[in-house]
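S.K.: Pasting a structure here, questions to come.
The values are calculated or read from the model by the stated rules, or taken from the named source; none is laboratory data. Keep in mind it's a predicted model, so treat the numbers as computed, not measured. Cβ: placed from backbone, ideal geometry, glycine included. Neighbour counts: every protein chain shown. Calculation scope for accessible area: heavy atoms of the full protein, side chains included, ligands and nucleic acids excluded. Shrake-Rupley method; radii C 1.70, N 1.55, O 1.52, S 1.80 Å.
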Amino acid sequence: MESDLKFFEEALIEAKKAYDKNEVPVGCVIVVDDKIIARSHNQRETKKSALGHAEILAIEEACNKLGRWILDDATIYVTLEPCVMCAGAIFQARMKRVVFGAYEPKFGGLGSLINLNELEGINHKLEITSGVKAESVSNLMKEFFQKLRNK
């Protein structure tokens, strides 16, 4: 749990980078052998791309860095529950573990809206740890959306 908190703090740093760019403040890091191999934050507005989610960008970076698409020795730390698209990408990469903060009731793919990990027929299962620093994540999200409404 101690290393989870250390890596989760790095994901929060990425989320704050997104916040500073007026992007929805979601950040993530991918860890293999206790080392961060990839990191990113939401960049949908910056890249003008629906695929600019923190997880998608970090998975692409990890695959490029390692020279492989199977990341079965990796843990992804993400501040917000991955959406269905990102959860699907995590499954496609065969990641070992997901650690996330707050649940995402509108788009969450690992427990809120749907739990892809519980679907029959998917031959890969993730280890999931949720609720890490959930209050901090929720407060950052609320602050961001309040700032948008006040513009």
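S.K.: What number goes with the only condition from (1) more than 25 Å from Glu143 (Cβ to Cβ); (2) open to solvent by 10 Å² or more (accessible area, probe 1.4 Å); (3) modelled with pLDDT of 95 or more; (4) not polar (S, T, N, Q) that Ala38 does not pass?
M.R.: (2)
S.K.: Taking the criterion of being hydrophobic (A, V, I, L, M, F, W, C), closer than 25 Å to Tyr19 by Cβ and in contact with a Pro (Cβ under 9 Å, 6 or more places away or on another chain), would at least one residue in the stretch 115-136 satisfy it?
M.R.: No, that holds for no residue.
S.K.: I would also like to ask the following. Just for helices (runs of 4 or more DSSP H) wholly inside the stretch 41-151: which have at least 1 residues that are open to solvent by less than 60 Å² (accessible area, probe 1.4 Å)? Steps first, answer last, please.
M.R.: On the way: elements: 44-47, 54-66, 84-92, 134-149.
Qualifying helices (runs of 4 or more DSSP H): 54-66, 84-92, 134-149.
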